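Have a look at the structure below, then the notes.
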Amino acid sequence: MSGKIKSRIAANADSLSGSVSCDERILRDCHQLYIDADSGLVAVAQSVGVTLLAPRKKITVMLMGNHSAGKSSFINWYVEEHIQRTGVAIETQGFSFVTSGRKRESLTGNATLHLYPHFKPLHELKGVSEYLGTEICTSRQKRFSLVTFVDSPGLVDGDMKYPFDVDQAIMWLGELCDLILVFFDPMGQALCKRTLNIVEKLNEKHGDRLRFYLSKADEAGGESDRQRVMMQIVQELCKRPGLNKCGFDMPTIYVPNPNKPSRCVNQIEEACRTIEKTINQTVQNTLNSLEKDCELITKAIADTLSHDRQTSVDNRRARCKGCVLALLGFSVPFMLMAALVLGSLSRELLEMSLGHDGIEALSLYLTPVVRVFDSMSVEYQLYSCGGLIFLSFLLLILARFSFRSRPTLSGRQKRQLQEKLDYVQEVVKTKKKLYEEYLRQSVGDQDMD
C-alpha cells in the first residue's frame, strides 16, 4: 500500500507541476489519500469501524446580502469573466455555485448535487433543488482554482415570496461554508431586516466566518454620505446583542471601473486577502485533520488486535474449563460403573488382577464409601445414584457451554490489519513531507533544519 501512496503523489506532482499552486496540490493530494476505493483512508477506517469524511479540495465562500448588493458583480470581478448576471433587479433567485473547471459549463440542480455530494441534504429542503445551479469556468485568476463561490438570492423585506425557505437554506449552507461575505449596499437596502436577522443567527454559531463589507461604496455620494451610511449600518448591527462586539470592521469596496474613476477608498483587495487567509487556514486544518485521522485509525487497529488477543486468551481459558468439567462429568458414571464391576468380582479374582497391595489400597479408599452406602436404605441408595447421574449430566452440559468460544481473527486478517497499520504510518510520513512543503513557501530552508 505504501508504494501506492508514493506513486500516486508522484504522478500528481508530475501532472500538476507548473500548472497549480503548492496549496492546491497539497489539498488534492490529501483528498486523494482519503478517497481511493481500495487503499484510501476512508476505506481503511471503515474496515475497522471508524467513519471518516474526505476533506474538500476547495474552500466554499458564500456571498449574502440584500438584492443588488454587488454579490454577483464581485464574483465576476474575482474570476475576471462575466459568469453571473448582474443588475438592479433580483437576478439571482436561487443558489448559484461558481467554480473552476476544464471547460465552460452550466449545471442544473441534480447535476450540482452530484458534483457536491456534501450538499445533498439540500434536496430535503422543499423547493431548493429546483433553484440550484452551477457555473463552471476555466478562469485561474487570483486563487479561484481553490475557491467555490455560493451566490445566494438577494434578500428583501415586505411581501416578496421566495419559492423555498430562503432563511433556512442560507442557515444550512452557513454550516458548511468556510467563509461568509455579507454585503451591505448604501442604496437604501443595507438595513434589510431579513438580512440582519439571518446574519444575527449565523453569528451565534459561526461568527468567526462572517465578514462585513460596504459594497458599491463609489455610489454612496461623497465621503460624508458614506460615513453616514456606515454609521447607520453599524448602529443597526449594534442594536443586536450578538453582533455588538469589539473589533468590528466593515471595509468599503466596489468593483473598479476604468471608465468611471472614483476618489473613494477601495478595499476590495481586503476581501481577496480574507479569502487567501481562509485558504491557508484550510490547508493547515486539512493537514492537521490528516494526522488526527491517522491516529484514530491506528488506535482502532491497535484496539482490534488487542481485543483479538484477549479473545484468544479467553477462548483458551474456556476450553480448559470445559475440559475439566467434562472430565468430572464422565468420572461420576465411570466410578459408579467401576464400583458395580468390582463389587461383582470375587476376592480371589481381584487378587489375581490387582495383587495384594492393590487390594489393600482399594480397600483403604473404598471402605468408607461402602460403609456410608450400606448404611442407607435401598430407597436412599437409588436416590443417591440418581443424584450422581444428574450431577454428571449437569457437568457435561456446563462443559458443552464452556467449550463455546468467540470468533477471532484469522492469520490472513491479522496480516491485512498489520499492512493497513503500516500503510497509515506511511501516510503520516507523507503528511510530514506535505507540511514541510507548505511551510517552505513562507520560511527559509535554514529555518526548516
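Just a few scattered comments:
- With 0.36 nm allotted per residue and the present C-alpha distance subtracted, the S405-Y383 stretch has 4.3 nm of extension available.
- Highest mean first, the peptides 121-127, 264-270 sorted by other C-beta atoms within 10 Å per residue fall in the order 264-270, 121-127.
- Which of T134, T304 is most accessible, then next, and so on - probe 1.4 Å: T304, T134
- Amide H partners (placed H, <5 Å) of G154, local residues excluded: T92
- Sequence of M250, M230 when ordered by accessible area, the most exposed leading, probe 1.4 angstrom: M230, M250
- Stokes-Einstein translational diffusion, the range 91-133 - Kirkwood Rh over all Cα pairs, 0.692 mPa s, 37 °C, in µm²/s: 302
- Within the straight-line cut-off of under 29 Å between alpha carbons, the lysines reachable from K201 are K57, K58, K71, K120, K126, K161, K193, K216, K239, K245, K277, sequence neighbours fewer than 8 places apart in one chain being disregarded.
- Restricting the calculation to Cα atoms, the range 34-117 shows an Rg/Rh of 1.12 when the hydrodynamic-style radius is the Kirkwood one.
- 16 Å cut-off, amide nitrogen to a point 7 angstrom out along Q310 Cα→Cβ, residues in the range 400-434: 406-409
- Summed residue charge, Cβ within 15 Å of E124's Cβ, Lys/Arg positive, Asp/Glu negative: -1
- Among residues other than G101 with Cβ under 13 Å from its Cβ, the summed charge is +3 (Lys and Arg +1, Asp and Glu -1).
- Cα-Cα pairs of the range 244-311 separated by more than 19 Å (percent): 66
- Once backbone amide H atoms are built at 1.01 Å from N, D36 has L41 as its partners under 5 Å, excluding neighbours fewer than 5 places away on the same chain.
The values are calculated or read from the model by the stated rules, or taken from the named source; none is laboratory data. Predicted, not measured: the structure shown is a model, and the values here were computed from it. Note: ideal-geometry Cβ built from the backbone for every residue, glycine included; neighbour counts use all protein chains shown. Remember, those area values only see protein heavy atoms, side chains included, never the ligands or the DNA or RNA. Shrake-Rupley method; radii C 1.70, N 1.55, O 1.52, S 1.80 Å.
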